[in-house]
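The values are calculated or read from the model by the stated rules, or taken from the named source; none is laboratory data. In this text the structure is predicted, and so the values were computed from the model without any measurement. Note that we place each Cβ from the backbone using ideal geometry, even for glycine, and neighbour counts take in every protein chain shown. Ligands, DNA and RNA are excluded from the accessible area calculation, which covers all protein heavy atoms including side chains. Shrake-Rupley method; radii C 1.70, N 1.55, O 1.52, S 1.80 Å.
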Amino acid sequence: MKSRIETLVSQIGQIIVGKEEAVRLATACLLARGHLLIEDVPGVGKTTLAHTLARSLGLQFRRIQFTSDLLPADIVGNSIFDREQQRFVFHAGPLFSQMVLIDEINRATPKTQSALLEAMEESHVTIDGVSHPLPVPFFVIATQNPQHQIGTFPLPESQLDRFLMRIELGVPDRTAERTMLLGQDRRLLLKELQAVIAIEELREIQDRVRTVHASSALLDYLQDLLEASRRRHRTGLSPRAGLALLHAAQAWALMQGRDMVLPEDIQAVGVAVMSHRLGHDLETTETSGRPLVENILREVAVP
């Protein structure tokens with residue numbers, strides 16, 4: 001199983017050059033059945049990463065460009081009256097795909113952003129009192145522009161909490177950038193990609209993630225991190241955030257070929273899982289939770 005995952009990571013790395021840690025975190029997020037938020041400036045490969053993941057896994061893929069005039073019905077669908085059948089018929093929106101790329105999520109209004117909450121948490125949407133299940137697997141990748149850019153609406157904390165991880169790609173180093181400049185167009189390379197893991201195998205790996213063992217001492221360490229966050233932040237990490245951290249660490253451990261979680265697995269995914277849940281602290285005026293998470297990871301004793 002480790003070799004299959006490494007093949008996946010390697011193929012993605014051929015397109016997203018010089019960003020191995022971000023690629024591994026994105027892969028772990030998917031294996032843990034989580035949703036991924038990528039925050040960075042335009043042009044660093046956020047959309048390309050989503051396309052690469054979808055093609056490498058053979059997933060049905062849809063891209064939704066969020067704009068300020070987008071309505072909730074534009075993404076989830078709506079019911080339209082059919083004259084022949086004399087009843088309302090539901091027409092599914094683009095959200096009904098196995099992998100959905102929400103491009104520039106913070107350019108849409110809060111009303112449209114909130115339409116994603118039920119879908120991301122419950123894997124179904126409710127229209128006119130009727131629940132419609134989403135495909136399995138269902139994975140959302142959202143890209144977000146930095147909040148200082150014009151025309152953005154901050155994501156509410158409840159929306160941020162639905163994302164298992166938030167990562168940044170950043171600009172490539174000089175060597176990776178030279179490889180891109182001299183290499184073939186990334187869009188052409190994407191068209192040549194073949195799925196390296198079938199959907200059935202992906203589901204098997206996702207099921208396997210939840211069986212990775214977490215010892216009592218490991219859970220003590222995780223709870224120590226949660227308690228430290230609650231002492232240092234106005235709200236701290238919720239129990240749901242604790243589960244997210246555990247599942248992400250289980251996925252990371254499986255990617256390393258282990259059947260048990262170690263403290264270094266939690267440390268590897270800690271910033272990506274916790275930082276966006278600990279941002280916007282009114283007491284410290286800190287908008288990024290990364291410095292706080294890094295301090296907590298340094299200060300909490302490892303068992």
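Taking the Cα centre of each part, how many Å lie between the range 181-213 and the range 19-55?
Measuring centre to centre over Cα atoms gives 11 Å.
Between residue 185 and residue 227, with labels modelled 7 Å along Cα→Cβ, what's the label distance in nm to one decimal, could you check?
Result for the modelled spin labels: 5.8 nm.
Please give the length that would be gained between residue 219 and residue 178 if that part of the chain were fully extended, namely 0.36 nm times their separation in residues minus their C-alpha to C-alpha distance (nm, one decimal).
10.4 nm
Can you work out the accessible area per residue across the chain, with the rest of the protein chains kept in place, probe 1.4 Å, in square angstrom?
Counting only protein heavy atoms, the per-residue value for the chain is 48 Å².
Relative contact order of the chain, please, whole-number percent, based on alpha carbon pairs below 8 angstrom and at least 6 residues apart.
Value for the chain: 22 percent.
So, in nm, how far is label residue 124 from label residue 14 when the simple model puts each one 7 Å beyond its Cα toward the Cβ?
4.0
In whole percent, how big is the carbon plus sulfur part of the accessible area of the chain, probe 1.4 Å, protein atoms only? Kindly include the intermediate steps, with their values, before the conclusion.
On the way: 7360 of 14480 Å².
C and S fraction of accessible area: 51 percent.
Sum -39500 (n - 2.57) across every DSSP H segment of at least 4 residues in the chain, then divide by the residue count to get the 222 nm mean residue ellipticity, nearest 500.
-14500 deg cm²/dmol
Taking amide H positions as placed 1.01 Å from N in the peptide plane, with prolines and chain starts having none, which residues 5 or more places from residue 77, or on another chain, fall under 5 Å of its amide H?
Here 93 satisfy the definition.
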